[in-house]
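Worksheet: one structure, shown below.
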Amino acid sequence: MFQSPSLEALVQELKKLPGVGNKSALRMAFHLLRAPREEAEALAKWLVRVKERVRLCVVCGNYTEEETCALCLDARRDESLICVVEQPSDIYLVESTGEYRGHYHVLHGALSPLEGVRPESIRIGELVERVARGVVKEVILATNPNVEGDATGFYIADLLKETDVIISRIARGVPVGGELEFADQLTLARAFRGRRGIE
Amino acid sequence: MILDSLRLLDFRNFRELEIEPGGRCAAIWGPNGRGKTNLLEAIFLLGTTRSHRTRKDPELIRFGGDVYHVAGSYRRSNGGRMTLSVAYEKGGRKKGRVDGKEVSKMSSLVGRCGVVLVSPEDVEITKGEPERRRQFLDLTLCSIDPIYLRSLQELGRILRQRSSLLRDTWEPDRARMLDPWDRQLAAAGWAITEARARAMEELAPLVEEAYSALGGGEQLVIGYRPGIGREPVSEEDVLQKIVAVRDEDLRLRRTTIGPHRDDLDLELDGRSIRAYGSRGQHRTAVLALKLAAVRLMAQRLGEEPILLLDDVFTELDASRAERLATRLDGAGQVFATGTGRAELDRFFPGVEHFKVEEEGRVVRGG
């Protein structure tokens, strides 16, 4: 169907992106073709630049262009708290709540023997070292609510058992603002199981 | 639940089909090989999101087609209406809709319309490996308990992760590595065992009663044999047992304890039906199990499920078939297939007829 090898190659590359199928890839490619040259150049420039400049924060593992990320350097944040997440994108989710003012630790994955992901493959050792430095008082595990995320949580909790930090797991529950009627049964059931007393 | 209309597009041998059953009993008949079972398969698919014959959705697409589409419109006993549909495109993901609205997870379709299917292969439930009996329980429980379905999916994932560790002989500290998986195995294992045990308590008297009502002279007793053993009374107990057999598991490289090792004991007058049952006894026992499942689903869902009888009457002797026909009160609607009109007429007076003709055409009244 393609009369242009370049266009075909572009579509093939776009299709490798997560969530992009044939149709979306075609739409993006045709959009870029019609768009002003600057738009395509800007996209190309930033694609290359993120690969060149973005690296992992030496402290938390978040994406940054410096040695240490802005979140870790922010003196207003509470460094006695560490929230452990699987991916940098999870930081943006937690930050968007405005609820949390502590530090982060990005594992870059979750334990999965099936896929060969071992404790050394993700940044668990770095977390243990951070805790060993003594400033941290509480570790909040915010790994994904699936078997791999839970296994990772249990593993970390076990490693930190001997230290005197408090270890907590974020609660799973009913979405706020929504009505009970619209919460799916599973979420509701889990919320019941994890219920707490009213102070 | 009553299925008022069923629409198929490029499903199995049907290019385009719409039938409107609507009554309490529908007879689907015609010579073999014309797709009678495919119609039951479609109704089963709407209730459970999958076929009873294959896990491969591409096989369900009509030869030469690219997408199959199955849609049903239902009437509840209180008069409420609901539509369900399932569509699958080659190379894509299966999509489900409830009342026209797409669901994010296929699992949220399960149990909207309870279905119980009896097919000739079901004799394996009483005759075959323990896996067949677990499948019977799972199919019944998944429809009435969404948490059960989720626990079952989690258990599968946990077991695969765990066995991957058990086979990894390079790992120096396997006990520590196993720990997070064992804790989850204990949690999921306990949840599933409890749900199965509770269901079996309700099922056992229903099965016994159905068996004698079907004219089985003997007493059919059904019992649950949990793979975690009978002693555990909590998740912690289960975890202790799992940890205790760790070395054994590491040596054998498989998980020797858990609900994936459950079985059901079925005894006729104290003798194992699996070992000693006759052909007729197996058939009656399977029907008793299915009728009990119908009752259990009706109780738990608050809505009578649809019963699908695939080629059941040709296999039963006349007196048992008659008794079966009088025992269908727990089902909201019954679909029965057979090769001849007469045999179905005999058991269901006033039944609606659908004759399956060549090339996937279906004629009402026949």
What's the ranking of B:48-61, B:153-166 by average number of surrounding C-beta atoms within 10 Å, highest first? B:153-166, B:48-61
By the Cα gyration tensor axes a ≥ b ≥ c (a/c under 1.5 gives rounded; else a/b larger than b/c gives prolate, otherwise oblate), the shape of the stretch A:5-53 is oblate
Can you give the mean number of other chain Cβ atoms that lie within 10 Å of the Cβ atoms in peptide A:114-122? 2
Take every residue in peptide A:144-152, count the Cβ atoms of other chains within 10 Å of its Cβ, and give the average of those counts. 5
Of the accessible area of the stretch B:243-366, with the probe set at 1.4 angstrom, what percent is carbon plus sulfur? 43
Over the stretch B:129-238, the quotient of the Cα radius of gyration and 2.2 N^0.38 Å is 1.32
Count charges around B:Gly100 for me, please; just the other residues with Cβ under 14 Å from its Cβ, Lys/Arg as +1, Asp/Glu as -1. +4
Dipole of chain B, positive end: most advanced residue of B:Leu141, B:Val103, B:Leu46 [Cβ charges, Cα centre]: B:Val103
Be a star and scan the stretch B:95-117 for residues whose amide nitrogen sits under 18 Å from the point 7 Å along the Cα-to-Cβ vector of B:Leu301. B:96-100, B:106-117
Row for the protein assembly as shown, column shape: gyration tensor on C-alpha, a ≥ b ≥ c, rounded if a/c < 1.5 i.e. under 1.5, prolate if a/b over b/c, else oblate; value oblate
Lysine pairs in chain B with Cα distance under 26 Å, only those 8 or more apart or on different chains: how many are there? 20
Considering only protein heavy atoms, what per residue accessible area in square angstrom results for the stretch A:39-116 with a 1.4 angstrom probe? 58
Inter-label distance, nm, simple model (7 Å from Cα along the C-beta direction), A:Ile166/A:Glu8: 6.2
Can you list the lysines whose alpha carbon is less than 22 Å from that of A:Lys51, not counting same-chain residues fewer than 8 positions off? A:Lys15, A:Lys16
How much accessible area is lost when chains B and A come together, counting both sides, with a 1.4 Å probe, in Å² rounded to the nearest 100? 1900
Compute, for B:Arg183, the solvent-accessible surface of its heavy atoms (probe 1.4 Å) with the complete set of protein chains present, and express it in square angstrom to the nearest 10. 90
How much FRET efficiency would the formula 1/(1 + (r/R0)^6) give for B:Met106 and A:Val135, where r is the Cβ-Cβ distance and R0 is 35 Å, rounded to 0.05? 0.15
Mean residue ellipticity (222 nm) of chain A, computed from DSSP H runs ≥ 4 via -39,500 (n - 2.57), nearest 500: -13000 deg cm²/dmol
Rolling a 1.4 angstrom probe over the protein chains, ignoring ligands and nucleic acids, what is the accessible area of A:Glu67 in square angstrom, nearest 10? 110
Fully extended contour minus Cα-Cα distance, from B:Glu357 to B:Asp345, at 0.36 nm per residue: 2.5 nm
With Cβ to Cβ distances under 14 Å as the rule, what net charge do the other residues near A:Ile156 carry (K, R +1; D, E -1)? -3
How far, in nm, would the chain grow between B:Ala318 and B:Val243 when pulled straight, counting 0.36 nm per residue and subtracting the alpha carbon separation? 21.6 nm
B:Leu206, A:Leu114, reordered so the largest accessible area comes first (probe 1.4 Å): A:Leu114, B:Leu206
Three-way shape label, the stretch B:231-350, alpha-carbon gyration tensor, a/c 1.5: prolate
Counting only protein heavy atoms and rolling a 1.4 Å probe, one gets per residue an accessible area for the stretch B:123-301 in Å² of 44
Peptide B:158-167: average number of partner chain Cβ atoms within 10 Å per residue? 3
For the stretch B:90-195, what's the relative contact order in percent, using C-alpha pairs closer than 8 Å and at least 6 residues apart? 21
Can you pull the percent of the stretch A:5-53's accessible area that's carbon plus sulfur, 1.4 Å probe, other chains left in place? 60
Please report the accessible area of B:Glu20 (heavy atoms, 1.4 Å probe, ligands and nucleic acids excluded) in Å², nearest 10. 100
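The values are calculated or read from the model by the stated rules, or taken from the named source; none is laboratory data. Computed from a predicted structure; not experimentally measured. Every residue, glycine among them, receives a Cβ derived from its backbone with ideal geometry; neighbour counts consider all protein chains shown. In case anyone asks, the SASA skips ligands and DNA or RNA and just uses the protein heavy atoms, side chains included. Shrake-Rupley method; radii C 1.70, N 1.55, O 1.52, S 1.80 Å.
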